[in-house]
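The values are calculated or read from the model by the stated rules, or taken from the named source; none is laboratory data. Since we're looking at a predicted model, the values are computed, not measured. Here the Cβ is made from the backbone with ideal geometry for all residues, glycine too, and neighbour counts use every protein chain on show. Side chains included, ligands, DNA and RNA excluded: accessible areas come from the protein's heavy atoms. Shrake-Rupley method; radii C 1.70, N 1.55, O 1.52, S 1.80 Å.
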Amino acid sequence: MIRVEQIRKHYDDQIVLQEIDFQVEHGLCLGIIGPNGSGKSTLLHLISGVEPITSGDIFIRNEPIRQYTRKELSQQLAVLQQEGLPPLGYTVREVLEMGRFPFQNWMGKDRMDASELIEGIAEQLHLSTLLDRKLDELSGGQRQRVALGKVMVQQPEILLLDEPTTYLDIRYQLQFMDYVRKWQRECGLTIIAVLHDLNLAAQYCDQLLVLHEGKQVAIGTPNDIIEQERVTQVFGTEPIIIKHPVNGAPQILLQPQEQGIE
Ligand SMILES: Nc1ncnc2c1ncn2[C@@H]1O[C@H](COP(=O)(O)OP(=O)(O)OP(=O)(O)O)[C@@H](O)[C@H]1O
């Protein structure tokens, strides 16, 4: 379980986040949504420990993250960013092996033989035939699968995703989110994901947290959160909201302004 308690974050005298307070139960997926600049990525950086918290605390397994060393934290938690891959000259196998860094000692020796794990994950993600290819010989969708493979090899309990589907076409967006959901269900993974696509967020997340101007506006199930008044207030646009005909998730239809920009 992750607990975020009364978080505040300043950059110099700019308040970027305030009064952020929520928890995510083990095995659930929380989506963070909100307009540009509302503080989503900053919140993820605080949870991953790469940015210091100005005040408040974040707990993983009831321990404040400031008490974890960087290595201890990366044994619990993996982060997948938009461009989360190393330079393109590496092969897929080399990148997957990098996922084991948190478990290697100072001589680079892993606490286990990870080759079987790596082969298994490559198979699950349909990367087996690509293991000896270099990253620059892959499509964007394949590369994002490699980035996912690298964090799977890390075997974290918590996965943080920062806009993981931004550069993917609709097929690869769904494929990527399906892989993540399968992993969540099979391993009880806890996920916190920043997602710009509200329709994707409503379909794949158990809960949604809405940020607006650095403040937590609401947290709840997609059905509770995605409603006309809130979307209009937070995003400044008036969409049409319908229920997905197959799974009932709220879905947003965009509506161009008839008058154009005023
Ligand atoms: N390292 C930094 N130094 C100073 N200000 C920063 C820094 N990182 C972010 N900010 C500011 O914090 C605010 C929130 O930024 P953040 O990137 O967290 O928003 P976001 O919701 O993820 O935005 P987007 O959807 O556009 O990616 C912005 O005003 C941004 O300029």
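Computed quantities for the displayed model
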{"item": "Looking only at segment 52-74, and only at residues there that are buried (at least 17 other Cβ atoms within 10 Å of the Cβ) and more than 27 Å from residue 226 (Cβ to Cβ), the one that is nearest to the ligand (Cβ to nearest atom)", "result": "53"}
{"item": "Top-ranked residue in segment 27-38 [being part of a loop (DSSP other than H, G, I, E, B) and either touching a helix residue (DSSP H, G or I) at 6+ places or on another chain (Cβ under 7 Å) or open to solvent by 10 Å² or more (accessible area, probe 1.4 Å) (or both); ranked as farthest from the ligand (Cβ to nearest atom)]", "result": "27"}
{"item": "Condition broken by residue 155, with the remaining ones in (1) without any contact (Cβ under 8 Å) to a residue 60 or more places away in the chain; (2) on the phi < 0 side of the Ramachandran plot satisfied", "result": "(2)"}
{"item": "Residue under evaluation residue 12, criteria (1) over 21 Å from residue 191 (Cβ atoms); (2) at pLDDT 95 or above; (3) within 9 Å of the ligand (Cβ to nearest atom), criterion not met", "result": "(2)"}
{"item": "Check on residue 190, over 25 Å from residue 100 (Cβ atoms) and of a type in the set (Val, Ile, Thr)", "result": "no"}
{"item": "Flag if residue 73 is over 20 Å from residue 152 (Cα atoms), touching a residue at least 24 places away in the same chain (Cβ under 8 Å) and part of a helix (DSSP H, G or I)", "result": "no"}
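A quick yes/no check of all residues on (1) modelled with pLDDT under 95; (2) within 16 Å of the ligand (Cβ to nearest atom); (3) open to solvent by 30 Å² or more (accessible area, probe 1.4 Å):
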residue: 154; (1), (2), (3): yes, no, no
residue: 172; (1), (2), (3): yes, no, yes
residue: 183; (1), (2), (3): yes, no, no
residue: 186; (1), (2), (3): yes, no, yes
residue: 191; (1), (2), (3): no, no, no
residue: 202; (1), (2), (3): no, no, no
residue: 209; (1), (2), (3): no, yes, no
residue: 215; (1), (2), (3): no, yes, yes
